[in-house]
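A.B. asks: Would you mind keeping the following structure in view while I ask a few things?
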Amino acid sequence: MSGDISQLGRGLRAGLDADQAFRSIVPPIYPGTNFSFESIELRPQYDYSRSGNPTRDLLGEAVATLEGGVKGVITASGLAALTTVFAALVPANGRIVAPHDCYGGTWRLLMHLSGKGSFSVDFVDQTDEDAFRASLDRPCDLLLVETPSNPLLRLVDLRHAADLGHAAGAVVVADNTFCSPVRQRPLEFGCDVVLHSTTKFINGHSDVVGGAVVASDEQRAADLAHWANVLGVTASPLDSWLVLRGLRTIDARVRVHDANAADIVALLSGHAAVSRVHYPGLPDHPGHDIAVRQQHGFGSMISFELTGGRPAAEAFCRGLRIFDIAESLGGVESLVAHPASMTHAAMTPEAQLAAGITPGLLRLSVGIEPSVDLVTDIADGLERAASVG
């Protein structure tokens, strides 16, 4: 029996066994900053590494293949990817509609750039159908969707959002960081551009900061690549090579991440110290049906609220042995974050309140350690939280 290699297989194997010089299975890294011209009349494919680099382009090819796009632009961080999107796709004095509960760094970037007059931005609860439609009743240049959202794991129907955005004249951009292309592919649901902080699941080892943008058509891809070069935000060859190495194992990693997360959700659900669990895999999650339709699995990000508020959150975190208190997510190690004081500290108290970020909210990035150890660590933390709640 024979057949074509799957999209996932092609993405994970990008560049393997392609070395023409010495037949190395793993593609070599090209760390050089510049490339020689045969003559001044003949321009080579690569001339300067900020503008183009073989290693970085290989990572872009891999991510684009996984997402089903035409080209991947690799940047120095997730926020660099977002900055490139704004520069390339939003005209002067344009208008952006963004999630009211977006990542704190995204909120800060939007507030700073809109404050300088680059564009206007409206933050909207995209799970509120009336509010979402009203925000797109007038022209919009870019609709930014973050699903699942950070940190409350709210879900947006990507196809519906794409239809609403396009009707308003917007380019529809989806932040797919929380799911990764293994769990969700927004371009398949009508989005025009998808972006990632590759720092997270795509790299998966918490040792490289990076970003990626993938477009569904050649012209937008060219515009994004042009602006990444203009802004000088392209990733280094070494970082690109490391992310590509991490990407090879993403399918295997996320399967263990997700299985461990399911065990922890079972513990959290119904526990006396927990007032609410935010996880799309739960049947009573408001976005559960959307997750079933557009995701391949429910992911390994969990957030939950403790009945005892911030004192309970502090007690929970005090004494953890496996979960480290840290920002970021998607690495092989398990992390816990307190969004109000960490990932979303840039938000004003009013913005946090509107987004539903409470003092007792904790966010877990579940790693790939033995499940029994993770469950024990969480159980001990809940016991501490219950003692003050």
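A.B. asks: For the Cα atoms of the chain, what angle does the longest principal axis make with the long axis of helix 218-231, in degrees from 0 to 90, nearest 10?
C.D. replies: The answer is roughly 80 degrees.
A.B. asks: Quick one: what are the phi-derived ³J(HN,Hα) couplings along segment 100-109, Karplus 6.51/-1.76/1.60 with θ = phi - 60°, whole Hz, x for glycine and proline?
C.D. replies: Coupling constants for segment 100-109: 6, 10, 6, 3, x, x, 5, 4, 5, 4 Hz.
A.B. asks: Could you give the size of the charge dipole of segment 250-388 about its Cα centre, using +1 on the Cβ of each K and R and -1 on the Cβ of each D and E, expressed in debye and rounded to the nearest 20?
C.D. replies: 180 debye
A.B. asks: Moving to a separate point now. Would you pull out the residues with amide H under 5 Å of ASP125's amide H, same chain only if 5 or more places away, H placed 1.01 Å from N?
C.D. replies: It is HIS100, by chain and number.
A.B. asks: Indicate the gyration tensor shape class of segment 344-389 (rounded, prolate or oblate), computed on the Cα atoms with a ≥ b ≥ c the square roots of the eigenvalues: a/c under 1.5 is rounded; otherwise a/b larger than b/c is prolate and the rest oblate.
C.D. replies: Verdict is oblate for segment 344-389.
A.B. asks: If packing is taken as the mean number of other Cβ atoms within 10 Å per residue, what is the order of 156-168, 186-198, 107-119, highest first?
C.D. replies: Packing order, densest peptide first, comes out as 186-198, 156-168, 107-119.
A.B. asks: Right, something else. Amide H neighbours of VAL171 under 5 Å, counting only residues 5+ apart in sequence or on other chains, H built in-plane at 1.01 Å?
C.D. replies: Excluding prolines and chain starts, which carry no amide H, the hits are LEU142, LEU143.
A.B. asks: Mind checking the dipole of the chain: about its Cα centre, +1 per Lys or Arg Cβ, -1 per Asp or Glu Cβ, Debye to the nearest 20?
C.D. replies: It comes to approximately 420 debye.
A.B. asks: Simple spin-label model, 7 Å along Cα-to-Cβ: PHE22 to ARG133 in nm?
C.D. replies: 6.3 nm
A.B. asks: In the set (1) 143; (2) 177; (3) 157, which value of volume of the Cα convex hull per residue in Å³ was calculated from the structure you see?
C.D. replies: Of the listed options (1) 143; (2) 177; (3) 157, (3) comes from this structure.
A.B. asks: With θ set to phi - 60° and the Karplus curve 6.51 cos²θ - 1.76 cosθ + 1.60, what are the ³J(HN,Hα) couplings of segment 43-53 in order, to the nearest whole Hz, using x for Gly and Pro?
C.D. replies: These are the phi-based 3J(HN,Hα) values: 7, x, 4, 10, 10, 8, 5, 5, 7, x, 8 Hz.
A.B. asks: While we're looking at this one, here's another question. Compute the helix-to-body angle for 250-268: its Cα long axis versus the longest principal axis of the chain, expressed 0 to 90° and rounded to tens.
C.D. replies: Roughly 10 degrees between the two axes.
A.B. asks: Right, something else. What residues qualify as long-range amide H neighbours of THR75, i.e. H under 5 Å apart, gap of 5 or more or another chain, H built at 1.01 Å from N?
C.D. replies: For THR75, the qualifying residues are GLY211, ALA212, VAL213, ALA235.
A.B. asks: Something else: Quick check: from the Cα gyration tensor, does segment 250-388 come out rounded (a/c under 1.5), prolate or oblate?
C.D. replies: Since a/c stays below 1.5, the shape of segment 250-388 is classed as rounded.
A.B. asks: What order do you get for TRP227, TRP241 when you list them from fewest to most C-beta neighbours inside 10 Å?
C.D. replies: TRP227, TRP241
A.B. asks: If I model a spin label as a point 7 Å beyond the Cα along the Cα-Cβ vector, how far apart are those points for GLU188 and ASN93 in nm?
C.D. replies: Going from the GLU188 label point to the ASN93 one covers 4.2 nm.
A.B. asks: Further question: Need one word for segment 1-130: rounded, prolate or oblate. Basis is the Cα gyration tensor (sqrt eigenvalues a ≥ b ≥ c); a/c below 1.5 gives rounded, then a/b vs b/c decides.
C.D. replies: Oblate is the answer for segment 1-130, as a/c is 1.5 or above yet b/c matches or exceeds a/b.
A short reminder: the numbers here are calculations on the coordinates, not readings from a lab. This structure is a prediction, so every number in the text was calculated from the model and none was measured. Cβ sites come from the backbone with ideal geometry, for glycine too, and all protein chains shown count toward neighbours.
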